[in-house]
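First the structure, in the form of structure tokens, and then the observations on it.
Each reported figure results from applying straightforward, stated rules to the coordinates on display, with no laboratory input. What you are looking at is a predicted structure, and each value in this text was computed from that prediction instead of being measured. Backbone-built Cβ (ideal geometry, glycine too); neighbour counts: all protein chains shown.
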Amino acid sequence: MDECRLIRNAARRRPVPLAALLGATAVAGCTPSAPAVPFLGAFFPSWLLSAFAGIALAIVVRVIFVRIGLDDALPARLLVYIAVATIAGLAISNLVFGR
């Protein structure tokens, strides 16, 4: 008798919530893997290479700012250099990798 009740309860299913259906539809076009770039025989994420390039450009900008004396006049140096690295990284990602 208990087995019949279990089978009947298993047969009753809850309807899938609308939010779950919309969420599944929203990600249906996503690729199953992250964008990667072949580099020295290994696949690196393109965002990682863009971040390294942005940091390198921020260091170059800092050296230039120090040489021309602009570094001392910056109100929030850390925020300025983080912004420079972010803008450079996003620009490189967009221009080089198209992402």
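Order of 56-64, 69-77 by packing, highest average Cβ count within 10 Å first? Provide the component values of the computation, followed by the final result.
Working: 56-64: 14.8, 69-77: 10.4.
Most protected by this proxy first, the peptides run 56-64, 69-77.
Please report the net charge: other residues with Cβ closer than 13 Å to the Cβ of Ala85, K and R +1, D and E -1. All intermediate terms of the calculation are to be shown ahead of the outcome.
Details: positive: Arg62, Arg77; negative: none.
After counting each charged neighbour, the total is +2.
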Gained length - Leu79 relative to Arg67, 0.36 nm times residue gap less alpha-carbon distance
2.4 nm
